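Okay, so here's the structure we're looking at.
Quick note: the coordinates plus some simple rules give every number you see, no bench work behind them. Since the structure is predicted, the reported quantities are computational estimates derived from the model, not experimental observations. Using ideal geometry, Cβ is built from the backbone for each residue, glycine included, and neighbour counts are taken over all protein chains shown.
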Amino acid sequence: MTVVGKAAYNYAMKKILTMLAMIILLSFSGCSSGGGSSPVSTVMAPTIVSISPSTGGPGTLVTIQGSRFGNFQGNSIVSYSGVTVAPSSWSDSIITVTVPQNAQNNGTFQVIVGGLASNYSTAFMVSNPIISYISPSTGNPGEQVTVYGQYFGAQQGSSYVSFNAQQAEIVSWNSNAINCRVPTNLGSQSGSVSVVVVVDGQRTSNTVSFGFTVPTISSVSPAGDNIGALITINGQGFGQSQSLVNGMVTIGGLTAQIVSWNDYSIQVKVPQVSYSGAQSLVVTSSGRQITSTFRVEGPEVTYYTPNTADENQLITFYGNHFGTSSETVFREVRIQGYDNGSGSDKVAGVNYSDTNLSFIWPIENTLFGTQTKTVTINIGGLTTTVTVTAN
């Protein structure tokens, strides 16, 4: 073969190979028998561009912005640190989702659409809990208070509240408010204590001061009175109400009826003790006992009028601690040797005030001059006797 012929042969073979390559390429490109063709449709994975906010506590609503999320969620999912979470809303470019309540650590979001996973978002920084304030701001041991703030989590779990490192009893817990009881083992002195909230055993809040008040009695008014009398115990740290602190007052070992109770004063009625004189007064608040003294007074007569009692005449006894009309207390007057017609020496129709009592003298006059009768006055089981001269 000549040089010219060989060159022509090589050129022809090159053309044939080029055409074969084009045919193969067209067949892989989906060339149809009719001669038409269409480009390959490539499915793109979703893309996360940003999250907002980028920090907060469990329960924070986060907006994820990006593209190709799809207009409906369908079988698509969004995850936080690999855990699937339920979104609040979903569109092709925006998804809103709540940080899981049990989220303990920083994490990233990812969107999976049709099996295709997006890039990971920038890290969401889990904030420490924040205490805004405590209400009330002061209280005594065992009293219920509310800690308000953010990022406490929806459930307590391994979270807790501490007062000077002493854990409080939890009554209820949610992301923004914790009801708890002031610990009873904070000591015996009033003063300021430090309160913190610890979430999931590791994230600690800011510190807030709380006015810890140990119950104390400053005075009892009056210092002495009769059985059934209303008295006031003054002081501080008794608690907002009797029910909150399981409050109780005893006088002479007997439980007194509570009339009113607040943090600074308690009103009670003197119980029916068995003897007059100084008695131990004890206030119990959240298991703590505060002791003072109170003098239980029996009835006392200083004088009576008229000097000589006549039948059907009003006789009045003056003195102290006869009890007022508002006091629910046992009271009676008896005259020795008197028969009221039913075999009893009890006098009917007695009018009482705290400083005097009066009734119509019921004993008939005698033809044998004056006589003496013993009058017994009983107030709540404590008695006094008076010798009365009668005609």
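For this structure, a couple of remarks:
- Region 173-242: radius of gyration and largest Cα-Cα distance (Dmax), Å: 18.2, 58
- Expressed in Å, the radius of gyration and Dmax of the Cα atoms of region 300-390 are 12.7, 42.
- Percent of Cα pairs in the chain per distance bin of 10 Å, from zero to the largest separation: 4, 15, 13, 11, 10, 9, 8, 7, 6, 5, 3, 2, 2, 2, 1, 1, 0, 0, 0.
- Computed with the Debye formula from one identical point scatterer per Cα of region 35-166, without solvent, the log10 of I(q)/I(0) at q = 0.12, 0.22 Å⁻¹ comes to -0.58, -1.24.
- Considering only the Cα atoms of region 92-185, their convex hull presents on average a projected area of 8.0 nm².
- Across q = 0.14, 0.15 Å⁻¹, region 208-358 modelled as identical point scatterers on its alpha-carbon atoms has Debye log10 I(q)/I(0) values of -0.74, -0.81, in the order of the q list.
- Only the Cβ atoms of Lys and Arg (+1) and of Asp and Glu (-1) were treated as charged; on that basis the dipole of the chain about its Cα centre amounts to roughly 2800 debye.
- Expected 222 nm ellipticity per residue - DSSP helices of 4 or more, -39500 (n - 2.57), all of the chain, to 500: -2500 deg cm²/dmol
- Orientation-averaged projected area, Cα convex hull of region 108-246 (nm²): 11.9
- Kirkwood Rh and Cα Rg combined as Rg/Rh, region 217-296: 0.93
- Long-range tail of P(r) for region 130-212 (Cα pairs > 21 Å, %): 17
- Footprinting exposure proxy for L314, L186 (fewest neighbouring C-beta atoms within 10 Å first): L314, L186
- Other residues within the sphere of radius under 14 Å centred on the Cβ of V296, judged by their own Cβ, net out at -2 (K and R +1, D and E -1).
- Computed from Cα positions, the angle between helix 3-28 and the longest principal axis of the chain comes to roughly 30 degrees.
- Alpha-carbon gyration tensor eigenvalues x 5, square-rooted, for region 39-112, Å: 24, 11, 11
- Cut-off of 10 Å, at most 14 other beta carbons, DSSP loop: longest stretch of the chain lacking such GluC sites (Glu not before Pro): 1-310
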